[in-house]
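The values are calculated or read from the model by the stated rules, or taken from the named source; none is laboratory data. Since this is a predicted model, take the numbers as computed values, not measurements. Glycine gets a Cβ as well: all are built from the backbone with ideal geometry, and neighbour counts include every protein chain shown.
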């Protein structure tokens, strides 16, 4: 199976990035991912303010997908996530919504083994591995890998995990997929500014989805389709995700606007993905019992 | 069993409201609840802009709880929710985050029977009954029943449902509990501005929780403790809920601030309760696997 190594990374999603490798549609492949610090925090002596931030938030790739064209929609299936044996959670003044209450930087190394993150001697957490950064090249410009958007990027959405699919609109031929920023555990919001940051690798497969029009990323879980939106404010992001959710219900169920809006309100959850990136990300989860398919 | 009828209502939570009845600690009782329109919308000809808004958002009560004093904390268990046979969802220009796209008012009557809401001939929704308004008298002032806050009120949180408990700080002797605004179905956010609004009754029981200090409402579900906060902006509400979540972890697990903050981030979800009331409400859900008890 093809392996895309983490020695070839980007720091920004851009149509100018050349693919470091190519895969076929419906071909499984591995991508090796650095942690978000590019491995600079190895011990509890390595503090967040002392690292080289220019090599933070690297994404492996991009990988070109043969047979994919600008204007297509692709679905990226995450078959498997393998984690390194050690993760890290840092705190530092200014980091996260309570950053003002942190007096000095502090690093916690968190061993990961046998399905658990060893937060402390007393506290072990079941792993909830997820991919923080996953995206395609945008139509234009350079979007730093720390920023989420319609192209994907730093969505930090815990449903971007093994067994689920992420749908993306494609803006350049080949799509140019890149990924990074694994987390061993993270709750909705990424409330201290980080998850349990960790390196590892992911096994992916990309297929094309003819006949589907998307404004931005959609995550498919076992039970729901989740429309993602990222914006500077919560209300902008929420309005965008709600609008597209209503549009999906109108299209798929042939409903008028008031009924689609009401149906969304009665059945679907507006959820927080993350509140700590340069744009925040929300998702509207529409149960598959209401919306069985996107097309 | 004592029944508190829906003929006795308040439109604002206030320390000046006299109890309409008294119950004992650990005594089960029923409260009958009007729908949020006080029953004014009975057919699809009854439009939201034509009703008397002065009698909207009534809460039944208040009920005094014998043996409860200012400074106590109470836990209100919701044992059962019974729904009327018919709910309603209205849309109208300006209602909800997409209200600008609605041209004219429209009322949908939704029959409710045998565990389902009959949204249309094609679409039936499993019921997710919940109590929109539940609260105690605040320390001072008058807080309209449409507003959420530290006293509870219009929290519109779908976990305020049968089988769960809601903890409140008590600001006046007797607590003076009031409730209203049942929903047959609602997703997180209450995205069109309403759930499936419906009348009905709820069976409650109140107990005292000695030794617990709370800033505001906490909901206990089978799997989590959820810290609620309401504010004018999402970020204010989020910061408040996160702060109190961190405080709970520090207290209960004897953690320092950075570790409690990180642990919350790795394990707990910031969720949206509602975005359509005068203040919006969020909750931080801390899994019981991490926080087995509040004290």
Of the conditions (1) at the interface with chain A (Cβ under 8 Å from one of its Cβ atoms); (2) under 22 Å from residue B:12 (Cα atoms); (3) in a strand (DSSP E or B), the single one that residue B:195 does not satisfy is (3)
Within region B:233-258, of all residues that are buried (at least 22 other Cβ atoms within 10 Å of the Cβ) and at the interface with another protein chain (Cβ under 9 Å from one of its Cβ atoms), the one farthest from residue A:124 (Cα to Cα) is B:234
Picking from B:268, B:230, the residue that is crowded, with 24+ Cβ neighbours inside 10 Å and facing chain A (nearest Cβ under 7 Å) would be B:268
Do we have residue B:61 as closer than 25 Å to residue B:149 by Cα, in a loop (DSSP other than H, G, I, E, B) and in the same structural domain as residue B:150 (by TED's automatic domain parsing) here? no
_Quick check on region A:204-223. Is at least one of its residues within 14 Å of another protein chain (Cβ to nearest Cβ) and over 16 Å from the mean Cα position of the chain (by Cα)?_
yes
Restricting region A:98-107 to residues that are surrounded by fewer than 18 Cβ atoms within 10 Å (Cβ to Cβ) and touching a helix residue (DSSP H, G or I) at 6+ places or on another chain (Cβ under 8 Å), the one farthest from the other protein chains (Cβ to nearest Cβ) turns out to be A:105
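Conditions (1) at the interface with chain B (Cβ under 9 Å from one of its Cβ atoms); (2) surrounded by fewer than 21 Cβ atoms within 10 Å (Cβ to Cβ), marked per residue:
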| site | (1), (2) |
| --- | --- |
| A:80 | no, yes |
| A:86 | no, yes |
| A:96 | yes, no |
| A:112 | no, no |
| A:141 | no, yes |
Scanning region B:202-227 for residues that are surrounded by fewer than 21 Cβ atoms within 10 Å (Cβ to Cβ) and over 14 Å from residue B:294 (Cα atoms) gives B:203, B:205, B:207
- [ ] Would you check if residue A:214 is outside any loop (DSSP other than H, G, I, E, B) and within 25 Å of residue A:29 (Cβ to Cβ)?
- [x] no
